[in-house]
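None of the figures in this text is laboratory data; all of them are computed from the coordinates on show. Please read all numbers here as calculations on a predicted model, not as lab measurements. Using ideal geometry, Cβ is built from the backbone for each residue, glycine included, and neighbour counts are taken over all protein chains shown.
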Amino acid sequence: MSATKKDYKRITTKSLTEMKANGEKISMLTAYDYSMAKIVDAAGVDVILVGDSASNVMAGHETTLPITLDQMIYHASSVVRAIHRSLVVVDMPFGSYQSDPKEALRSAIRIMKESGGHSVKLEGGSEVKESIKRILNAGIPVMGHLGLTPQSIYKFGTYTVRAKEEEEAEKLMKDAKFLEKLGCFAIVIEKVPADLAEKVAKSVSIPIIGIGAGGGVDGQVLVIHDMLGMNNEFSPRFLRRYMNLYEEMTTAIGHYVTDVKSSDFPNEKEQY
Ligand code: KIV
């Protein structure tokens, strides 16, 4: 289908539904701080995800599990202060929604009230049904997340491709339809075979945003540090690097060190 690109002044959950209906692909990137979010928003990215991947790329943890609700709210409020156009989705961190639907609602309300984010994302399908229902009933838009769900890494044991076997593929399809029926406005599908992701995208009317899920879905998301090449230790097959910022930054910072050591910086024009 050829895209009819509409000029959206402000992206809402409704804009994303419209984009899917019009065959316009949705662009989504993560951001965790004010300065980066300002650039991402100005570049025209439709959705900014304040991902719990902040636990990895901002805090240096091995998994997404340690990041707290307070820390997610801090990142999200910094992002919200920077944006003019993008829709801001905030990840609900591990432990903030799984144990009890009332706690899930309290966590989602804190995110919306204290950060000013526009919606929340949480991982899982039918298992988290009651939490999703409560949050939606309070008028908070919810994005789902299926396939490789990093908060379950200790259940999976590996970050490898999910839903290669029929049983898991069937569950994923069922969960996607279930999340649509509950009222989620979109779903992230992470690291599953491309033909399965495409089938899911064709089976639901809400947008499917893929990461490592091929080109047959309604939009793409990447972690900004990965696509800018700030982290040269992470090279999954699905990642396209648009820059090698690790190299460019270490070279630039190396020049600064040399200039300071040699008393070349500051020169006469760079002082008062
Ligand atoms: O936390 C995150 O960055 C995510 C993306 C990988 C979709 O959930």
Among residues other than Q71 whose Cβ falls under 14 Å from its Cβ, what is the net charge (Lys/Arg +1, Asp/Glu -1)?
-4
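Using the eigenvalues of the Cα gyration tensor, what equivalent ellipsoid semi-axes result for the stretch 13-241 when each is taken as the square root of five times the eigenvalue, whole Å, largest first?
Details: eigenvalues 101, 84, 70 Å².
Listed largest to smallest, the semi-axes of the stretch 13-241 are 23, 21, 19 Å.
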Mind giving me the FRET efficiency for Y74 and E167? R0 is 45 Å, r the Cβ-Cβ distance, nearest 0.05 is fine.
0.70
Report ³J(HN,Hα) in whole Hz for each residue of the stretch 23-32, in order, from the Karplus equation J = 6.51 cos²θ - 1.76 cosθ + 1.60 where θ = phi - 60°; Gly and Pro get x.
x, 8, 6, 9, 9, 9, 9, 7, 7, 10
Helix 194-203 sits off the longest principal axis of the Cα atoms of the chain, rounded to the nearest 10 on a 0 to 90 degree scale, by 60
Could you pull out which residues in the stretch 157-190 have an amide N less than 20 Å from a spot 7 Å beyond the Cα of K199, following the Cα-Cβ vector?
161-181, 187-190
Given springs between every Cα pair under 10 Å in a Gaussian network model of the chain, which of A31, A104, A138 has the largest fluctuation?
A138
Under 20 Å from K133, Cα to Cα: lysines that are on another chain or at least 8 residues apart:
K14, K102, K113, K121, K171, K174, K177, K181
About the Cα centre of the stretch 13-241, what is the dipole size in debye to 20, counting +1 per Lys and Arg Cβ and -1 per Asp and Glu Cβ, all else neutral?
480
